[in-house]
Structure formats: structure tokens, C-alpha cells
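The values are calculated or read from the model by the stated rules, or taken from the named source; none is laboratory data. Nothing here was measured: the structure is a model prediction, and the numbers come from that model. Here Cβ is always computed from backbone atoms with ideal geometry, including for glycine, and neighbour counts include all displayed protein chains. Each accessible area value is taken on the protein alone, full model and side chains, heavy atoms only, with ligands, DNA and RNA left out. Shrake-Rupley method; radii C 1.70, N 1.55, O 1.52, S 1.80 Å.
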Amino acid sequence: IDIEKYLEKRLGMPHARKRLLVEQEFEHNICGPASGFCHLENWYSFHSIVKNTLRLFGLYQRGVRNTLKTQVKHEYYSFQNLPEEFNGYTILQLSDLHIDMADETRDKIIELVENLDYDLCVFTGDYRKNTYGDIEKTLFGMKAVSVVLKQPMYAILGNHDSIRMVPELESMGMRFLINESVEIKKNNSSFYLAGVDDAHYFKADNIDKAVSSIPVDAFTLLLSHTPE
């Protein structure tokens, strides 16, 4: 697949080329295109220093064990302007999976989510462990997770993610909202789901574009990997 042509058709030429150019220029850097937003993990010694420090204090193996203690957390929200048809509507949110980090963690996530009951699934970024480089292991891990999930699935990109992942992830049934929105319908009612590109490191968000087609009085949920 021609990634550039796919993204230009999918997102429009300006955003696709800008995002690809920013990745090429800044992906390996410690600091991104905006000052004050950095990936310290891009420093070549960072991982070794963290790992050896944890080992020095006897905390490394505890950290490894903690990665297998992933749990499902239930949150309940009430909104006055949410259409009544969506009373009890359940959204499964998966975020910061860093799915290529460890096979055991990936398998634990699959075990937790494959039998859950929900109406909609959203992925809110950071599928990859590293902030640059190979994406194949990430795609392999996300394929294993996506096949046990129900449709519909919507997603956004995080600061660890390359936009080059989008074509393959969308082929798995994940519809990315990259400064875009979608109407979620149930019977005669609906709400809107909007999503922005990474606002933290790549500074590629455009919330005005994301909500441009949403009616002013419509109930809307925004997907963003970061509060910026």
C-alpha cells in the first residue's frame, strides 16, 4: 500500500503531508516541534538508566509483575443533555497499550476484554512502546487484540504513534478520528464522537476541524490522548 497516497485520500493532502513531514523531522528527537514538549525516552541512554536504577533498588521485577496486574475499571457518568436512548450506554476505552512491550501483557489484555459487554470501543492512543522506529510488532499485537473486540471501534493517535500505522489499523476495523467526527446513532437519537490528532508531541491537533460538522446543540464526546 502507498502510505502517502492512502493518507492523502483519507485525510486530505495538507494534513497527511504535514504529519509525515513532522514525523520524519522530529520522530527521533528528544524535543518535538513545540518547545517544552519532549520525549526523554528518545535519549539513547534513557531506558538503560531507568532499568539499572530499578534493579539497583530491587524494584525491577516488581515492576515487571505489576504489568500483569492490569484490571478493568468501571466509571459511571451522568449528563443532562445526553439523549435518553443512550441511558446505560457503555463505552470500552483502551489507552496506552504499548502493545509491543511484552507478549504477556498483550495476552493479559486480551483475556480481560474478550468477554466484556459494551456498546462501543474507543482506543485513545499510544499503541507502540517506542516513539519511533519499527511498527510491525505493534501492528501484530493490535491485530491480536482487535479480533476479540466487537464493532464499532474508533481510535485516535498518541504521542508514541506513527501515522503510518493508520492504514493497517483501519483494515482491522479501527476507524481513526484524525481531527474528525462521526455520528453515533441509536434508534432515532444520536450523539457525536470527535477525535483529534496528537496535541502533545507532534502538535497535529485541530479541534475546530474535528467539530466543524457537528450541530451546535449536539451531545459530543471528544477523544484526545492528552489534555493539552
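Miscellaneous remarks
- Cβ-Cβ under 6 Å pairs, at least 6 apart or on other chains, region 1-13 side surrounded by fewer than 15 Cβ atoms within 10 Å (Cβ to Cβ), far side assigned to a helix (DSSP H, G or I) and not hydroxyl-bearing (S, T, Y): I1/P167
- Note on region 139-180: among residues that are of a type in the set (S, T, Y), under 23 Å from R17 (Cα atoms) and within 15 Å of the chain's Cα centre (by Cα), the one that is modelled with the highest pLDDT is Y154.
- In region 166-181, the qualifying residues are those that are assigned to a strand (DSSP E or B) and touching a Phe, Trp or Tyr at 6+ places or on another chain (Cβ under 9 Å), and the one that is farthest from I3 (Cα to Cα) is S181.
Yes/no matrix, rows are residues, columns are (1) closer than 25 Å to H200 by Cα; (2) assigned to a loop (DSSP other than H, G, I, E, B); (3) open to solvent by 50 Å² or more (accessible area, probe 1.4 Å); (4) out of contact with any Asp or Glu (no Cβ under 9 Å at 6 or more places or on another chain):
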position: L97; (1), (2), (3), (4): yes, yes, no, no
position: K143; (1), (2), (3), (4): no, no, yes, no
position: G158; (1), (2), (3), (4): yes, yes, no, no
position: R164; (1), (2), (3), (4): yes, no, yes, no
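- Just one of the listed residues (L149, L139) is surrounded by 15 or more Cβ atoms within 10 Å (Cβ to Cβ) and not in a loop (DSSP other than H, G, I, E, B), and it is L139.
- Residue check, D205 of a type outside the set (K, R), open to solvent by 30 Å² or more (accessible area, probe 1.4 Å), modelled with pLDDT under 95 and at negative phi: yes
- Subset of region 79-94 that is more than 19 Å from E183 (Cβ to Cβ) and either small (G, A, S) or over 25 Å from the mean Cα position of the chain (by Cα) (or both) - its residue that is surrounded by the fewest Cβ atoms within 10 Å (Cβ to Cβ): Q80
- Residues satisfying the stated conditions in region 182-211, i.e. assigned to a strand (DSSP E or B) and over 21 Å from L20 (Cα atoms): V182, E183, I184, K185, K186, S189, S190, F191, Y192, L193, A194
- A single member of D126, D197 is touching an Asp or Glu at 6+ places or on another chain (Cβ under 6 Å), open to solvent by less than 10 Å² (accessible area, probe 1.4 Å) and under 24 Å from T90 (Cβ atoms), and it is D126.
- Boolean, E85 is at pLDDT 95 or above and in a helix (DSSP H, G or I): yes
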